[in-house]
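S.K.: Handing you this structure, nothing more for now.
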Amino acid sequence: VRLSTEQAVRRWGTPASADDVKELFVRFCHGQLDTLPWSDTPLQPESALIQARLAEINSRGFLTINSQPSCNGAASTDKMHGWGPPNGFVYKKAYLEFFVSPSVMKDLLARLDTEPTVTYHAVNKAGELLTNCAEDSANAVTWGVFPSKEILQPTIVERVSFLAWKDEAFDFWNAWARVYDRASPAAALLRAFSDEWYLVNVVENNFQKDSASIFELFDGLGQPLPEKAQ
């Protein structure tokens, strides 16, 4: 957490419940909060395409820390999706990375396992890994085709990198907890997220689908925030 204690408390308050934490993530999705422990900057412009859906799944306890919409051959100069040199075309698979309660994991995995074009990795702090991917699989989720160049693949989802990242991802909860007195309810709440929840990534490999399709996987799962908190 790159904020002083005073700055962190001023920005994130003192969460007393899981709903308080969910509300912070929802506010971040709506652009009402410019940082979270996992992100020093607001959502990228491309996230405007999925902003409302992101906020909605966060309100039900799928706390997203990374995401991207799908893209099927946008110009490399496109203001929303573009990257790389001019006169190229870029592609992206819809992708989400999030924390989720263990109480929701069983139903979520049952849903994901019915989708032939969806792949996922899920792990808890203890290292219990759940996945439908082969151990050595490497899944390009962003790639570009440019004149006189090989296909570029700047973003790949794979088991090794996911497991290497998970320790840092979970430790951000503990870093946030250290903003508060160790014996406080807020610190205990945030440590419980680290100790008990799962980190999950989900890829919709059919990049020709609309970006909204990945969010349909979460319909009916989780517990919504009370209406006044949204």
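S.K.: Helix 18-29 versus the longest principal axis of the chain: what angle, 0 to 90°, nearest 10, using Cα atoms?
M.R.: The answer is roughly 40 degrees.
S.K.: Starting from the stretch 71-172, pick out the trypsin sites (Lys or Arg not before Pro) whose DSSP state is loop and whose Cβ has at most 15 other Cβ atoms within 10 Å.
M.R.: Counting only loop positions with at most 15 other Cβ atoms within 10 Å, the trypsin sites (Lys or Arg not before Pro) in the stretch 71-172 are 79, 149.
S.K.: Let me know the number of lysine pairs in the chain closer than 16 Å at the Cα, not counting same-chain pairs under 8 apart.
M.R.: 5
S.K.: Taking a probe of 1.4 Å, how large is the accessible area per residue of the stretch 91-230, in Å²?
M.R.: On a per-residue basis, 50 Å².
S.K.: Next question. For the chain, set up a GNM with springs between Cα atoms under 10 Å and report which of 220, 82, 144 has the largest fluctuation.
M.R.: 220
S.K.: Give the residue list of trypsin sites (Lys or Arg not before Pro) in the stretch 171-230 that are DSSP loop and have at most 12 other beta-carbon atoms within 10 angstrom.
M.R.: 182
S.K.: Any idea what diffusion coefficient the stretch 144-215 gets from Stokes-Einstein, in µm²/s, Kirkwood Rh on alpha carbon pairs, 37 °C, 0.692 mPa s?
M.R.: 210
S.K.: Hey, another quick one. Looking only at GluC sites (Glu not before Pro) in DSSP loops with at most 15 other Cβ atoms within 10 Å, what is the longest site-free stretch of the chain?
M.R.: My reading of the result: 1-127 is the longest stretch.
S.K.: Moving on. Within 14 Å, Cβ to Cβ, of residue 55, how many net charges do the neighbouring residues add up to if Lys/Arg are +1 and Asp/Glu are -1?
M.R.: So the environment of residue 55 carries a net charge of +1.
S.K.: Follow-up question, since we're still on this one. Mind checking which of 179, 202, 160 has the largest fluctuation in a GNM of the chain, springs on alpha carbons under 10 Å?
M.R.: Its mean-square fluctuation being the largest, the pick is 160.
S.K.: Ignoring ligands, DNA and RNA, what percent of the 1.4 Å accessible area of the chain is carbon and sulfur?
M.R.: The C+S portion of the solvent-accessible surface of the chain is 49 percent.
S.K.: Okay, next question. Could you grab the Rg to Rh ratio for the chain? Cα atoms only, Kirkwood for Rh.
M.R.: 0.97
S.K.: Report the local net charge at residue 72: Lys and Arg +1, Asp and Glu -1, summed over other residues whose C-beta lies under 11 Å from its C-beta.
M.R.: Counting the neighbours of residue 72, the net charge comes to +2.
The values are calculated or read from the model by the stated rules, or taken from the named source; none is laboratory data. Keep in mind that this is a model prediction, so the values were computed, not measured. Reconstructed Cβ throughout: ideal geometry from the backbone, glycine too, with neighbour counts over all protein chains shown. To get the accessible areas, we keep the full protein, side chains included, count just its heavy atoms, and leave off ligands, DNA and RNA. Shrake-Rupley method; radii C 1.70, N 1.55, O 1.52, S 1.80 Å.
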